[in-house]
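The values are calculated or read from the model by the stated rules, or taken from the named source; none is laboratory data. Because the structure is predicted, anything quoted here is derived from the model rather than measured. In this analysis, Cβ positions are derived from the backbone assuming ideal geometry, glycine residues included, and neighbour counts consider all displayed protein chains. What goes into the accessible areas is simple: the full protein's heavy atoms, side chains included, and nothing from ligands, DNA or RNA. Shrake-Rupley method; radii C 1.70, N 1.55, O 1.52, S 1.80 Å.
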Amino acid sequence: MNYRLVSINSKNLSKKEINEICKLKNTEWKYGIKSQMIWYKKNVKKDDLHNLFYIGSKLIGYTLLRKRSYKFNFSAKQKKYLLFDALVLDKKFRRKNLSNLLMFFNNSIIEQSGLFAFLMCKKK
């Protein structure tokens, strides 16, 4: 199996890659491609990190690490963190331990950044 893991900033993504991401996300969250594109334009910033998992030329996995900042105890200095967002793996490739590869890749990107990351999600 020929696979490739790539991490790309939003500002370096092509329109084709953004479209592929929205199509993959729509397989899990069925709001429609147009709605996925609107969400992308509204919520994704130019320095956010998109981790793409390809088998051959097909995008089969995706995660988004959104770079954000916060102020602690009303200090003037902002601290940065990564918000782990949108883990999606194509349904045909689930239960093959491929998500472990994607998560290992995410963890290495998080460690390299020197920032902490967290995931907020519903109980389900």
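What FRET efficiency comes out for the pair Glu28/Lys77, r = Cβ-Cβ distance, R0 = 41 Å, nearest 0.05?
Details: r = 37 Å, r/R0 = 0.91.
Efficiency for this residue pair is about 0.65.
Can you pull the three principal axis extents for the Cα set of segment 43-100, in Å, largest first?
The Cα atoms of segment 43-100 stretch 47, 22, 15 Å along the principal axes, largest first.
Could you tell me how far the Cα centroid of segment 31-70 sits from the Cα centroid of segment 87-124, in Å?
13
If you take every residue apart from Ser99 with its C-beta less than 15 Å away from the C-beta of Ser99, what net charge results, scoring Lys and Arg +1 and Asp and Glu -1?
Charge balance in the 15 Å sphere: +3.
Could you state the principal axis extents of the C-alpha atoms in the chain, from the largest down, to the nearest angstrom?
So the three principal-axis extents are 48, 33, 31 Å.
Multiply the residue gap between Phe118 and Arg4 by 0.36 nm, knock off their C-alpha separation, and tell me the result in nm, one decimal place.
Extra length from Phe118 to Arg4 when fully extended: 38.6 nm.
Hey, what's the Kirkwood Rh for segment 1-56 if you take every pair of different alpha carbons, in angstrom? Spell out each step's value before the answer.
Numbers: mean 1/r = 0.0838 Å⁻¹.
Value: 11.9 Å, from the Cα pair sum.
Among residues other than Ser113 whose Cβ falls under 14 Å from its Cβ, what is the net charge (Lys/Arg +1, Asp/Glu -1)?
Net of charged neighbours comes to +2.
Length gain on complete extension for the stretch Ser35 to Lys96, per 0.36 nm per residue less the alpha carbon to alpha carbon distance?
Computed gain between Ser35 and Lys96 is 19.0 nm.
What are the membrane-span-like helices in the chain by this rule: whole DSSP H runs, Cα extent along the axis at least 24 Å, mean Kyte-Doolittle hydropathy at least 1.0?
Span-like helices, by this rule, are absent here.
Given a 1.4 angstrom probe, I'd like the percentage of the accessible area of segment 32-124 that is carbon and sulfur, rounded to a whole number.
Working: 3590 of 6400 Å².
Within segment 32-124, the accessible surface is 56 percent carbon and sulfur.
Considering only protein heavy atoms, what per residue accessible area in square angstrom results for the chain with a 1.4 angstrom probe?
Result: 69 Å² of accessible area for each residue.
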